[in-house]
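Presented below is the structure to which this report refers.
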Amino acid sequence: MELNEIEAFIAIQRIGNFTRAATALYISQPAISRRIELLERELGAPLFERLPTGVWLTEAGRAFLPYAQQVLAALHDGAAAVHALEEDLPEQAHGSITLALVGTLAGTHLAGQLQVFRQTYPLVRLLLRTARSDEVSQLVQQGEALLGLRYFTDPRAGICSQPVMDEPLQVVSAAQSRLIAGTPTELAALAGIPWIGFPTGTRSSGEPFAHILTRQLLRTGLDGAEMIEIDSLTAQKRLIEADFGVGLLPASSVEEEVRLGTMRVLPIDALTTTVPVVAIYRRQGYLSRAARLLLEILTRQ
C-alpha cells in the first residue's frame with residue numbers, strides 16, 4: 001500500500017470527483033484512477049461507487065476512511081515535530097497553525113483572542129478556515145487543521161475537547177413581525193407561533209441545537225408548537241426574516257441581522273439558554289509550542 005494511493009483516496013472522498021481530485025493533486029485523471037485501482041485490489045473491495053452525480057464511499061470505503069485519515073495526519077505530525085527541532089529561535093513561538101472554526105464564532109470575543117495571539121506572537125502564521133461543526137472535526141481529524149473551534153464536545157475517542165466559552169441562544173423573530181406584537185417578555189406571547197429549527201435524526205452538526213430547542217419548548221409548555229425543520233442556519237435566518245416563525249439561535253449568528261434591523265431579539269428569559277463552544281485537537285497529534293500557546297489563550301476563561 002503506497003502513500004500516494006492513500007492521498008488519492010482521501011482527496012477523492014473530500015472532493016467527490018476523480019477529475020477534480022486529480023487536479024488538486026497535480027496528476028492526471030488516469031493516474032489517480034490507477035492509484036485507486038491498486039488500492040482496491042490490495043484491500044480486496046471497491047472503495048467508491050461511481051454515480052452520475054459523483055462518487056460515494058462504499059461500506060468498505062467508509063470503514064477504511066478513518067484509518068487512512070490517521071495515516072496522513074500522523075505523517076503531518078511527524079513533519080511538524082521534525083521542523084520544530086530545526087527552529088532557529090526555540091525560545092520564541094513561530095511556525096504556522098491552521099485553525100478551523102465555525103464562521104459565526106468570529107463574531108464573538110474569540111476574534112479578539114485571536115488578535116491578541118497574533119500581536120503577542122508575530123512570528124507565528126495563523127491560517128483560518130471556516131466550516132460547520134462537523135466539518136471542523138473532519139479537518140482536525142484529517143490533519144488539515146491543527147486546532148478547531150466548534151459547538152459541542154466531539155464524542156470521538158481520537159479527539160480531545162476543551163471548554164472555551166458558553167454562547168447564549170436567543171429567541172429571535174422578524175424585526176417587523178406580524179406574528180408577534182410589540183416586544184414580549186412572557187411565554188404566552190409565543191403561543192401558536194411556529195418555530196424554525198434544525199431537524200432531528202440527521203446526525204448533522206445542527207441536531208444538538210434541535211434537541212436543545214425541543215427541550216426548552218417542553219420545559220416551558222410550548223412543546224405543541226408547529227416545527228419547521230430546516231437543515232441550514234442561513235436558510236433558517238432568511239425564513240425568520242420573512243416572518244415564517246421564530247427561532248432559538250446562537251447570538252453570534254444573528255448579530256449582523258439584528259444590527260441591520262431585519263431581525264430582533266425577544267427578551268424571553270424562560271427560553272434563553274447557552275451552548276458550549278470547545279477547542280478540539282487530535283489526541284495523538286503533535287502540538288507545537290505555538291499551538292499550545294494558542295490553545296492556552298483560547299481556553300482562558
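Of all residues in segment 126-138, at least one satisfies being free of Cβ contacts under 8 Å to residues at least 40 places away in the same chain, within 30 Å of A291 (Cβ to Cβ) and hydroxyl-bearing (S, T, Y).
Limited to segment 253-286, what total is found for residues that are of a type in the set (A, V, I, L, M) and free of Cβ contacts under 8 Å to residues at least 40 places away in the same chain?
1
For segment 188-236, residues that are among the hydrophobic types (A, V, I, L, M, F, W, C) and farther than 20 Å from I268 by Cα total 5. Annotation note: of A235, A225, the sole residue that is more than 20 Å from F152 (Cα to Cα) and either in the same structural domain as D134 (by TED's automatic domain parsing) or in contact with a Pro (Cβ under 9 Å, 6 or more places away or on another chain) (or both) is A225.
The residues listed here are A191, A181, A175; of these, the one that is assigned by TED's automatic domain parsing to the domain that holds V254 and either crowded, with 16+ Cβ neighbours inside 10 Å or closer than 17 Å to Q236 by Cβ (or both) is A175. Filtering segment 270-295 to residues that are over 23 Å from R132 (Cα atoms) and outside any loop (DSSP other than H, G, I, E, B) leaves R289, A290, R292, L293. Within segment 201-258, being of a type in the set (G, A, S) and assigned to a helix (DSSP H, G or I) holds for A210, A235, A251, S252, S253.
Is it true that R62 is at pLDDT 90 or above and out of contact with any Ser or Thr (no Cβ under 7 Å at 6 or more places or on another chain)?
When the stated conditions are applied, R62 does not pass them.
If you go through segment 248-301 and pick out every residue that is in contact with a Lys or Arg (Cβ under 8 Å, 6 or more places away or on another chain) and buried (at least 17 other Cβ atoms within 10 Å of the Cβ), you end up with 8.
Residues in segment 1-57 that are part of a loop (DSSP other than H, G, I, E, B) and either in contact with a Gly (Cβ under 8 Å, 6 or more places away or on another chain) or closer than 17 Å to A68 by Cα (or both): M1, E2, G16, N17, L25, G44, A45, P46, L47. Would you check if there is a residue in segment 27-41 being over 25 Å from S133 (Cβ atoms), at pLDDT 90 or above and in contact with a strand residue (DSSP E or B) (Cβ under 6 Å, 6 or more places away or on another chain)? No - not one qualifying residue is present in segment 27-41.
Can you go through L114, L99, L126, L149 and tell me which one is part of a helix (DSSP H, G or I), surrounded by 14 or more Cβ atoms within 10 Å (Cβ to Cβ) and either at positive phi or at pLDDT 90 or above (or both)?
Numbers: L99 fails: part of a helix (DSSP H, G or I); L126 fails: part of a helix (DSSP H, G or I); L149 fails: part of a helix (DSSP H, G or I).
One residue alone meets the criteria, L114.
The residues in segment 49-65 that are surrounded by fewer than 13 Cβ atoms within 10 Å (Cβ to Cβ) and under 16 Å from Q141 (Cβ atoms) can be counted, and the count is 1.
For segment 160-186, the set of residues classified as farther than 17 Å from L249 by Cα and either of a type in the set (A, V, I, L, M, F, W, C) or assigned to a strand (DSSP E or B) (or both) consists of C160, S161, Q162, P163, V164, L179, I180, A181, listed by residue number.
The values are calculated or read from the model by the stated rules, or taken from the named source; none is laboratory data. Being a predicted model, the structure only gives us computed values, none of them experimental. Neighbour counts are summed over all protein chains in view; Cβ atoms, including those assigned to glycine, are modelled from backbone coordinates with ideal geometry.
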